[in-house]
1. Could you list, in sequence order, the residues of region 137-161 that are under 26 Å from ALA231 (Cα atoms) and not in a loop (DSSP other than H, G, I, E, B)?
2. Would a scan of region 213-231 turn up a residue that is within 23 Å of LEU156 (Cα to Cα) and of a type outside the set (Ser, Thr, Tyr)?
3. Show me the helices (runs of 4 or more DSSP H) found entirely inside region 162-248 where at least 3 residues are closer than 17 Å to ILE147 by Cβ, open to solvent by 80 Å² or more (accessible area, probe 1.4 Å) and not acidic (Asp, Glu).
4. Criterion first (over 16 Å from LYS15 (Cβ atoms) and more than 16 Å from ligand 1 (Cβ to nearest atom)) does VAL166 satisfy it?
5. For region 9-36, enumerate the residues that are near ligand 2 (Cβ under 9 Å from one of its atoms) and either basic (Lys, Arg) or in contact with an Asp or Glu (Cβ under 8 Å, 6 or more places away or on another chain) (or both).
6. Contact list please: Cβ distance under 7 Å, first residue in region 78-105 and farther than 23 Å from VAL20 by Cα, second residue open to solvent by less than 70 Å² (accessible area, probe 1.4 Å) and of a type in the set (Ser, Thr, Tyr), pairs at least six apart or on different chains.
7. For the subset of region 123-154 comprising residues that are in contact with a strand residue (DSSP E or B) (Cβ under 8 Å, 6 or more places away or on another chain) and open to solvent by 10 Å² or more (accessible area, probe 1.4 Å), which member is nearest to ILE3 (Cα to Cα)?
Amino acid sequence: MKIFAVYSSKGGVGKTAAAVNLAYSASTSGQRVLLCDLDAQGAASFYFRVRPGKNFNGKKLLSGNFSKFIRASDYINLDLLPAHFSFRNLDLALAKLERDTRRQALRKLFTRLEGEYDVLVMDCPPNMTLLSENIILAADSVITPVIPTTLSLVSLKQLLKMFKKVGADDNRINGFFSMVEQRKSMHKKVIGKYSKYAIFRKTQIPYLAEVEKMGLTRQPVGATSSGSVAAQQYSKLWLELWERSERR
Ligand SMILES: Nc1ncnc2c1ncn2[C@@H]1O[C@H](COP(=O)(O)OP(=O)(O)OP(=O)(O)O)[C@@H](O)[C@H]1O
Ligand SMILES: [Mg+2]
């Protein structure tokens, strides 16, 4: 099982849109996929019309007793572990664990799913906390959307710093340009300057109304229209990310 985290310390950069659509792309290519919604806001769960089970909460997640709360989605090969409001306290719960193992708690939890899924995708909250450190250490690949502006590049630098802090290999970072608007000179300039760096994948996700409309359709863009530009770009990005993860 390969673990992908869609993570950035910056909010509103397209993490959830990417997590939902990349998980869907992976499932249509025949892989057994679990999408874990780790953000208490529950946006990924909302897109898949899935609510957490009655007795689910952050405590149950960290106890490892969470398999029974995994839900099937409307799509073949794609399951979801929904978020719960109590996930906003995951950091506090992690901080109470033993000092030398608390950064590895998430990785340890996911080993229980080995053999059941080929791909695990985490949709992560925009934090820089102990949970973020857990996410980085659990992931084989950290997918990070970058809107081509200077502020987004700052959060990329922060990510590199976090990798250093926890001793993770920064080769695992996969940046991609998100919500790209070619008519904006700032976007063109930033992409021109930074796309050559090894941290960035080639595929970009443009700013597209189809992605925004997911709030209404509550479906991945590929389920609404597999031929749409958005669906094709996310499929292309998934292929690029998967092929890179296979080479490593
Ligand atoms: N490529 C895109 N084109 C147009 N709108 C987009 C695109 N990607 C995301 N959006 C929209 O931008 C908003 C933020 O996107 P999203 O929720 O995916 O970001 P996020 O990084 O997960 O945010 P948060 O940090 O709050 O979890 C949403 O309304 C979403 O529909
Ligand atoms: Mg989100």
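The values are calculated or read from the model by the stated rules, or taken from the named source; none is laboratory data. The model shown is predicted, which means the values in this text are computed figures rather than measured ones. So basically every Cβ, Gly included, is an ideal-geometry build from the backbone, and we count neighbours across all protein chains shown. The area values use the complete protein model at the heavy-atom level, side chains included, leaving out ligands, DNA and RNA. Shrake-Rupley method; radii C 1.70, N 1.55, O 1.52, S 1.80 Å.
1. Matches in region 137-161: SER141, VAL142, ILE143, THR144, PRO145, VAL146, SER152, LEU153, LEU156.
2. No, every residue in region 213-231 fails to be within 23 Å of LEU156 (Cα to Cα) and of a type outside the set (Ser, Thr, Tyr).
3. 185-194
4. yes
5. Hits for region 9-36 are LYS15, THR16, ALA19.
6. Going by the 7 Å Cβ cut-off, the qualifying pairs are ASP91/THR129.
7. Top of the filtered list is ASP140.
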